[in-house]
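Below is one structure, written out as C-alpha cells; the observations come after it.
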Amino acid sequence: MYIGGQFVDADSGDRYDTINPFNGEKIASIPYAGVIDVDKAVAAARTAFDSGPWSRMSGEERSDLILKAGAILKERMKDYARLESLDSGGTINKTGADAFLASRQLTFFGEQAKRFNSEPQPIDKLMREGRSFNYTIREPIGVCAQIIPWNFPYMMAIWKLGPALATGNTVVLKPASDTPVMALELAKVFDEVGIPPGVVNIISGPGGVIGEALTTHPDIDKVAFTGSTEVGREIMSKAAGTLKKVTLECGGKGANIVLEDADLDIAVDGSIWASFYHQGQVCESGTRLMLDAKGHDKFVKEMLEKLEAMKIGDPLDPSTQLGPVVSEGQMNSVLRYIEIGKKEGAVLACGGQQETGKGLEKGWFIQPTLFTGVTNNMRIAREEIFGPVLGVMKYNNVEEAIEMANDSIFGLSAGIWSSDIGKAKDIASRLRSGTIWINEWHILSERAPFGGYKQSGIGREFGDVGLNEYTELKALYVDDAKTRDNKPWYDMVVSRSKSDN
Ligand code: NAD
C-alpha cells in the first residue's frame, strides 16, 4: 500500500491473494488493511492538506506533475492493459481501451489543474465601487476518501484521483478487494513524478471495514464513491454523522429503446455492444432492450445468431469477445438471477449457464444469455444483474416505451436507435437519465458530465461540473466604504463616538 509517501504493509501484516478470473490462479499477494491503516492514511492526507505544499501550490505546478504522470501512463499502456486484464478478467481489447483512456483522462485533468489557482472571480452584479468588492474563489475541499468498484478498476481510479488532485485535494483511495492491482501500481507513478508525500494514499482491504472507517472518519471532508446503490445508500447515511460532502456513482438499469425506423444492422450490433461489453459488468449498460412489437421477432432472430457466434475465451487472446466475470461470487449471483428470470416466466432464448468448454473449466464464464418476454415488473428488469444477461421487452407504441424506461429506481443511462434524429431527441428529453445515447452506447468524453438521476447517484464526474465537485466555493466581501459615515447600519447596534461626528 502507499501511505504518506511510503510503500508499506498492513499494520497487522495480514495479506490476501487476488485471483485471475480466467483460471482461478493467484496473481498477487495484497496487504489487507484494517482500521489502524485507515487512521494512518487519513493522518498522512490530513497533514499533507493542512500544511501544504499541494493544496497551496499554483495550478500550473500541480498541472505539471499530473501531466508527467499522464505521460507515464501512456508509455506503460500495454503493461497496464495486461495487468488489468489479469486482475479483472476484462478482455485485452477492453483493458487496452481503458489504458488508453486512463492516460488521456489523466492528461485532461492535468490540463484542467491550471484553472484552479485560487484566482478571484468577480461577482459582477455585487461589485460596487465605494461600497464593496465581491469575489468568489474555488478552493479544494480537503481530504477526500475515494472508494471504487471492480468493473473498471484502473479507469475508476483515474476518474477519482484526477479531479481531486487537479483541484488541490489530498486523497485516500480504496480499490475493490477483487481488483486492487492497478490502483496500487498507480501509487508508484505518483511517487515517481514527485507528488508530495501524503497527497495520494492508497490502501487495500475489505470494503465493509475500511469503507466504514473512511466514511465515518472525522478528518475526512468528502467521500466520493462508485459502486452499487445499496452500498451508496449505506455510505450516505454513515457520512451524515459528520456531514461530509458525498458524491455517489451507483447502479443502473439502462433502457435501450429501438424504434421501428432504426437501421437494423447497427441497432442489433449496437444493442449487443450496449449490454454485453465487459460481460455486462458496466453500470451504464443497456440491460432493458425495448423492441417495437412489429419488429421484435426479426430483431431477436438476428441478435440470437450473433450471440451464439460470440467468441468466449482467454481474456488475453485479442480475438476473445466475452471473458469471465470478475469472481466466483459474481458468477453465482448472475446464475441466481438467471434462475429467477426463468421462475418469473421470462423465456430463455439462449445461454443461461456457466460456460465450461475446453480451456475454460477453471474460469468464471457465463454464456451470453438472452431472455425474451420480459416485463418491467420482473426482478430481472428491476435489479442490476451485472453479467452477460439481457432482457427483451415489447412495446406497442413509443409512449409505452418511455413509460417503461422511466419506471425504474435507476436513472444512469438510456439509448434510442432511430433514423429520425429529431424524434430520438424528443424521446431523449423525456427520459429521466443522466446520459442518453442516440444510435450509440458506452462512448463517454471526459469533457461531458457523467452521473445518475434518481437512485443512480448524486453529483457528476467529468466536465467542469465534475471538477467543481471537489471544490468549496468561497465568497469574499472586501469593504470599499472606508469611513464610519459610510456605514450607517452600524448605528443599529452601536452609537457613534464623538470623533466620528
Ligand atoms: P460494491 O458497492 O459492492 O463495492 C464498491 C466499493 O465499495 C468496493 O471498493 C467495496 O470494497 C466498497 N464497499 C463495500 N461495502 C462498503 C461499505 N459498507 N462502506 C464503504 N465501502 C464499501 O460494488 P461493486 O460490486 O464493486 O461494483 C459494481 C457496482 O458498481 C454496480 O452496482 C455498478 O452499477 C456500480 N458502478 C457504478 C458506476 C457509475 O459510475 N455509476 C461505475 C462503475 C460501477
Kindly provide the set of residues from the range 211-240 that are under 12 Å from C144 (Cα atoms), under 15 Å from the mean Cα position of the chain (by Cα) and near the ligand (Cβ under 7 Å from one of its atoms), ordered by number.
F225
A448 being more than 25 Å from E344 (Cβ to Cβ), of a type outside the set (D, E, K, R), touching a Gly at 6+ places or on another chain (Cβ under 7 Å) and outside any helix (DSSP H, G or I)
yes
Residue, surrounded by the most Cβ atoms within 10 Å (Cβ to Cβ), within the range 437-461, restricted to residues that are farther than 22 Å from A102 by Cα and without any contact (Cβ under 8 Å) to a residue 60 or more places away in the chain
Y453
From G34, G96, G89, G52, residue being in contact with a Phe, Trp or Tyr (Cβ under 8 Å, 6 or more places away or on another chain) and of a type outside the set (D, E, K, R):
G89
From the options A28, A10, residue that is farther than 30 Å from G357 by Cα and among the small types (G, A, S)
A10
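Quick one: is E249 at negative phi and surrounded by 17 or more Cβ atoms within 10 Å (Cβ to Cβ)? Walk me through how you get there before you give the answer.
Numbers: at negative phi: yes; surrounded by 17 or more Cβ atoms within 10 Å (Cβ to Cβ): yes.
Taking the combined requirement at face value, the residue satisfies it.
Does any residue of the range 330-342 turn out to be in a loop (DSSP other than H, G, I, E, B), open to solvent by less than 10 Å² (accessible area, probe 1.4 Å), farther than 14 Å from R288 by Cα and modelled with pLDDT of 95 or more? It would help to see each step written out before you state the result.
Step one: list which residues in the range 330-342 are in a loop (DSSP other than H, G, I, E, B), which gives none.
No; the residues of the range 330-342 include none that is in a loop (DSSP other than H, G, I, E, B), open to solvent by less than 10 Å² (accessible area, probe 1.4 Å), farther than 14 Å from R288 by Cα and modelled with pLDDT of 95 or more.
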Among the helices (runs of 4 or more DSSP H) confined wholly to the range 181-276, which include 1 or more residues that are closer than 25 Å to R432 by Cβ?
229-239, 264-276
Meets criteria (of a type in the set (V, I, T), farther than 29 Å from Q353 by Cα and within 16 Å of the ligand (Cβ to nearest atom)) for I421
no
From V494, V478, grab the single residue that is in a loop (DSSP other than H, G, I, E, B) and either open to solvent by 20 Å² or more (accessible area, probe 1.4 Å) or assigned by TED's automatic domain parsing to the domain that holds G168 (or both).
V494
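The values are calculated or read from the model by the stated rules, or taken from the named source; none is laboratory data. Model, not experiment: these values are computed from the prediction. Positions of Cβ are generated from backbone atoms using ideal geometry, with glycine treated the same way; all protein chains shown enter the neighbour counts. Accessible surface areas use protein heavy atoms only, side chains included; no ligands, DNA or RNA. Shrake-Rupley method; radii C 1.70, N 1.55, O 1.52, S 1.80 Å.
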